[in-house]
Amino acid sequence: MADQTQLDKTKAKNKRVLFSCVFVVGAMVGLSYASVPLYKLFCQVTGFGGTTQVATEAPVEVSEKTIKIRFNADVNSGLNWQFKPEQREITVRLGEDNLAYYMAENMALTPITGQATYNVTPLKAGQYFSKIACFCFDEQTLAPGQRVDMPVSFYVDPAIAEDINTQDVKTITLSYTFFKADVSVEAAGRENNQGG
C-alpha cells in the first residue's frame, strides 16, 4: 500500500513537471512570435535604435535654437531604382515644421513597388525627431522610367535641447533605405500573365 501511495505521488510530480515544461515551451514560442511587434512598439515609444516618432502636427512653440539635419539615401541591390535626397543638409529651428524632398526613379522596364525603412543618427536623437507625413509610411509603386519627388514633413522636438543626454547633438542624419516590397506590382503582373 505504501508503495502505491509513493508511486501515485511520483506520478503526480511527473505530471506537474510535464505541464510546467509544456507551459514554459508554449510561452517561449508565444513570446518569440510577439517579440517583433513588441520590439517595434518599444522602439517607436522610446526612439531606441534611432526610430523616429510619428506626429499629427508640429508643436505650437518654435524655439530660436537650431540644429542641422543631414539627409542620406540608399537602395537595396534588389531594387532597380535611383534614390537620393534633393538637399544634402538644412538647418532648422527646434519645433518648426520642415519639408524635405527625396527623388526616386524606377530604372526597370516594369513597374516596381518599394518600401522605405528609416532611422536617425545619433540614435539618441530618435525620440525627438518626429515625422508628420512621409513617403516611408506606405509602399511606393513607380512605373517604368517614372521619376517622382517624395516629401517628408518633420520637426525636431525642442525638448532635445533640455535633455542632458542630447545637449551635445548638433547634427541629426535622417537615413532611408528603399527595398523591393514583398508583393511587387511586377511580381503580380507575372502571376497574372501565366497561362493555365
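Just so it is clear, none of the values below were taken in a lab; they were calculated from the coordinates. All values derive from a computational prediction rather than experimental measurement. FYI the Cβ positions are ideal-geometry reconstructions off the backbone, even for glycines, and counts take in every protein chain you see.
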| Has the stretch 129-141 got any residue that is surrounded by fewer than 16 Cβ atoms within 10 Å (Cβ to Cβ) and under 22 Å from S63 (Cβ atoms)? | yes
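Identify the residue in the stretch 164-181 that is assigned to a strand (DSSP E or B) and of a type in the set (A, V, I, L, M) and, among all such residues, is farthest from T110 (Cα to Cα).
Taking the stretch 164-181 first, the residues assigned to a strand (DSSP E or B) are 171-180.
Then keep just the ones that are of a type in the set (A, V, I, L, M); that gives 172, 174.
Values: I172: 36, L174: 29 Å.
In this case the residue turns out to be I172.
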| Taking into account only those residues within the stretch 80-127 that are loosely packed, with under 14 Cβ neighbours inside 10 Å and hydroxyl-bearing (S, T, Y), which is farthest from D168 (Cα to Cα)? | T117
